[in-house]
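Student: Right, I'll just put the structure down here and ask away after.
What follows draws every value from the coordinates through simple rules; no lab data is involved. Just so we're clear, the structure is a prediction, and the values are computed from it rather than from any experiment. Here the Cβ is made from the backbone with ideal geometry for all residues, glycine too, and neighbour counts use every protein chain on show.
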Amino acid sequence: MTKTQIENEFEAVETFKRASSNEGVTTTIDLAVLVDHNLPVPVPSDISIVRFDAGLESLVLVYSYADKYFTKQKAVKKTLTIPSWLNAKAESIGVNFSQVLQEALITNLGL
């Protein structure tokens, strides 16, 4: 290989890396929009059943860092009603109601 061929190859790899990284950001934004609008989030493809088409040159695994989106959401105040005896017991042992509710919702929603 000549120096020019090596440089061109390196540039192609770097361009591919940037494109793959940008696709992850785009995918995360797309997922965030779906969640914000209460639309269903598509199930990821099973990589074992993906088939190459004649013109397809490569298969790229795209990572989406949606957890960053969900953890940076602003808090929303909610009012709830519970029996007074349950409130008294929980307060007596210092239960963090917000944390318990978040954990329960995450578990209940399978997140």
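Student: State the number of residues belonging to the stretch 70-88 that are exposed (fewer than 10 other Cβ atoms within 10 Å of the Cβ), of a type in the set (S, T, N, Q) and more than 26 Å from Thr28 (Cα to Cα).
Tutor: 3
Student: Name every residue in the stretch 89-107 that is surrounded by fewer than 10 Cβ atoms within 10 Å (Cβ to Cβ) and on the phi < 0 side of the Ramachandran plot, in order of residue number.
Tutor: Within the stretch 89-107, Ser92, Ile93, Gln99, Thr107 qualify.
Student: Further, regarding this structure: How do the pairs read when you match residues in the stretch 94-111 that are under 19 Å from Asn38 (Cβ atoms) with residues anywhere that are surrounded by 10 or more Cβ atoms within 10 Å (Cβ to Cβ), using Cβ under 9 Å and keeping only pairs 6 or more apart or on different chains?
Tutor: Sorted first by the residue in the stretch 94-111, then by its partner, the pairs are Leu111/Phe70; Leu111/Leu105.
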